[in-house]
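No value in this document is a laboratory result; all are computed from the given coordinates. Predicted model, so just to flag it, every value in this text is computed and none were measured. Glycine also receives a Cβ, built like all others from the backbone with ideal geometry; neighbour counts cover every protein chain displayed.
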Amino acid sequence: MTIQSGKTARQLCMAADEALTEAAFRTGEFTEAERLFGEAPILAERDGDREAEALAAGGLGMTHHYRNIAKLVGGLAPADADVAAEEDMMRRALAIWQQIGDPAGTARALLLVDGRFPVRRPLGAIRLRQWDPSGRLGRVSIPRE
């Protein structure tokens, strides 16, 4: 894998997010977003940037998500492995945000893990979380279906 020289993991995530938006809402071509989100964790690990690692994992999950949505819109059912890959990346992002104690990242990841599986969960299955008195989200466990 060739990584763009001089870029940080966060810069790759920003570029990947832009490519993902373009793919999800205009072109349907997810290769660039997937490549950039895939390179970001290598740099994040090298630099010890756990936040960038979580952003990349969540971004890869969203890349799978929009690719699965495109299949649904096209009248095809996504493969179980594609849905599982989406969910696994979202759960990985959630675990990292929880490990580093970032409440905003944790909240974002919880929404993605718990609220956006159109193939597997009805909207009524979304659960609300409450903040504990310290102002942080408590550790939660999302059961697999």
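Could you work out the Kirkwood radius for the stretch 9-125, taking every pair of different alpha carbons, averaging 1/r and inverting it, reported in Å?
14.3
Taking the Cβ of residue 40 as the centre, find all other residues whose Cβ is under 15 Å away and add up their charges (Lys, Arg: +1; Asp, Glu: -1).
Details: positive: 7, 10, 35, 46, 50, 92; negative: 17, 18, 32, 34, 39, 45, 47, 49, 51, 53.
Summing Lys/Arg as +1 and Asp/Glu as -1 gives -4.
Sorting 83, 113 on the 10 Å Cβ count, fewest up front, what's the list? Write out the running numbers ahead of the final one.
Numbers: 83 18, 113 21.
Ordered from fewest to most neighbouring Cβ atoms within 10 Å, 83, 113 come out as 83, 113.
Using the Karplus equation 6.51 cos²θ - 1.76 cosθ + 1.60 (θ = phi - 60°), what ³J(HN,Hα) coupling, rounded to whole Hz, does each residue of the stretch 87-94 give in order, writing x for Gly and Pro?
After applying 6.51 cos²θ - 1.76 cosθ + 1.60, I find 5, 4, 5, 5, 5, 4, 4, 4 Hz.
How would you rank 27, 63, 8, 106, going from fewest to most other Cβ atoms within 10 Å of each one's own Cβ? Each step should come with its number before you reach the end.
Details: 27 10, 63 28, 8 15, 106 25.
So the ranking, lowest neighbour count to highest, is 27, 8, 106, 63.
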